[in-house]
Amino acid sequence: MFTKRKPTFMTYFRNLAFMAMLLFAAACTTQQINQTLGGIGDVLGEGSKGGLSSQEVADGLKQALTQGISKGAASASQEDGYYKNPRLRIPFPEDARRVEEKLRQIGLGSEVDRFILTLNRGAEDAAKEAKPIFVNAIRSMTIQDAWNILKGDDNAATQYLRRTTGEQLRAKFKPVISQSLDKVQATKYYGDIVTTYNRLPGVQRVNPDLEDYATTMAIDGLFLLVADEEKNIRENPVARTTELLKRVFARQE
């Protein structure tokens, strides 16, 4: 006959652990359990059916950025895209704000207003050329960059693009802005305004770089719109217009 063995400490421990797991499962929702199992599967390298490859994640992020840039550039390049958008409207250069104040005081406010309008028209015109510049920059994104962005903040992709392409984008975009400012005569109006101001007695002469200022403000406005669209894609399933986008961002929910 077999003698009944006394349970060991390890037996009690295993039974206790098993009961704890059952209680945990009973207290959790199906979704929570699936998320936990999914996380375990990721750790073990056991991708679930329909899982995404690293390349698909990178491609999905690039699609999201391209979509955001396309919408942002289209919105900004419309007439009044900058001028009547309080978040994007480019004001008189801060370094020359005293010029605006002085000219308004002596009755030349209409000249200042005309310059501000043409300054924003120049940015709107330049925004038409922004899309290919941004898209070319997106193509350099690595797979690791994509994973970091996917797990990052609502504007992680936008910040990545600004950080990695800022100087190059500025170098390419500034000539476009310059050409656009000349096209709408903003440069001429600004030159006339500054010349008029500098001729006034007792004022400190000014001549800030209009092209540099307009370039900075125009690019900041575009990034603002891209960030809005990125946040929308992350939070709003309806904004995900391709199957890959839906799959990539659904994994984060």
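Structure notes:
- Taking each residue as 0.36 nm, the span from Gln144 to Asp113 lengthens on full extension beyond its C-alpha to C-alpha distance by 6.4 nm.
- Overall Cα dimensions of segment 114-253, principal axis frame, Å, largest first: 65, 26, 25
- Distance violations [Cα-Cα > 30 Å] among Lys102/Lys231; Lys84/Lys172; Lys131/Lys231; Lys71/Lys172; Lys71/Lys183: Lys102/Lys231
- With neighbours defined as other Cβ atoms within 10 Å of a residue's Cβ, the residues Glu56, Glu211 order from fewest to most as Glu56, Glu211.
- Reachable aspartates and glutamates from Lys151, criterion Cα separation under 14 angstrom, eight or more residues apart if same chain: Glu230, Glu235, Glu253
- All Cα-Cα separations within segment 142-202 were binned at 5 Å from zero, giving a P(r) of 4, 15, 13, 11, 11, 10, 10, 9, 7, 5, 3, 2, 0, each value a whole percent of the pairs.
- Convex hull volume per residue in cubic angstrom - Cα atoms of segment 166-227: 94
- Difference of contour (0.36 nm per residue) and Cα-Cα distance, Thr216 to Ala171: 15.1 nm
The numbers here are math on the coordinates, done by the rules we state, and not lab data. Here the structure is a predicted model, which means the values were calculated and not measured. Every residue, glycine among them, receives a Cβ derived from its backbone with ideal geometry; neighbour counts consider all protein chains shown.
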